[in-house]
Amino acid sequence: MKDDLSGCSLADVLAKLEKGKIGHRAAMAWLNIESQNELVEIMHVNGRLMPGHQPMRVAPATRALVRAITRPLSDR
């Protein structure tokens, strides 16, 4: 399966995983990680949802903190 992912970008791999076209193990092998928790975190950080998972709730305070410490690309 890892050979099937050669030439894929991170976005490609995460999209395939989200759509159920590849399994957790294939994505973890491509990402070179051993922890499924890391895989879940990578998916959520990149705005993706693991198959069968529900969206993670983000507290308003956390959203405010992220907005306070980051700025849009247009401001750079």
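The values are calculated or read from the model by the stated rules, or taken from the named source; none is laboratory data. Owing to the predicted nature of the structure, the values given are computational and were not obtained by experimental measurement. Every residue, glycine among them, receives a Cβ derived from its backbone with ideal geometry; neighbour counts consider all protein chains shown. Note: accessible area is taken over every heavy atom of the protein model, side chains too, but ligands, DNA and RNA are not part of it. Shrake-Rupley method; radii C 1.70, N 1.55, O 1.52, S 1.80 Å.
Annotations
- Under 12 Å, Cβ to Cβ, from Arg48 - net charge with Lys/Arg +1 and Asp/Glu -1: -1
- Those trypsin sites (Lys or Arg not before Pro) in region 1-49 that DSSP places in a loop and that have at most 13 other beta carbons within 10 Å: Lys2, Lys19, Lys21
- At a probe radius of 1.4 angstrom, the accessible area of the chain per residue rounds to 77 square angstrom.
- For the peptides 27-36, 59-68, the ranking by packing is 27-36, 59-68, with the highest mean count of neighbouring Cβ atoms within 10 Å listed first.
- Just the protein heavy atoms count here, and of the accessible area of the chain at 1.4 Å, carbon and sulfur take up 51 percent.
- Net charge over other residues, Cβ less than 14 angstrom from the Cβ of Val58 (K, R count +1; D, E count -1): +2
- Listed values for region 41-49 are Karplus-derived 3J(HN,Hα) couplings in whole Hz (6.51 cos²θ - 1.76 cosθ + 1.60, θ = phi - 60°), namely 5, 4, 4, 5, 4, 8, x, 10, 10, and x replaces Gly and Pro.
- Over every Cα atom in the chain, the radius of gyration and the widest Cα-Cα span, Dmax, amount to 14.8, 42 Å.
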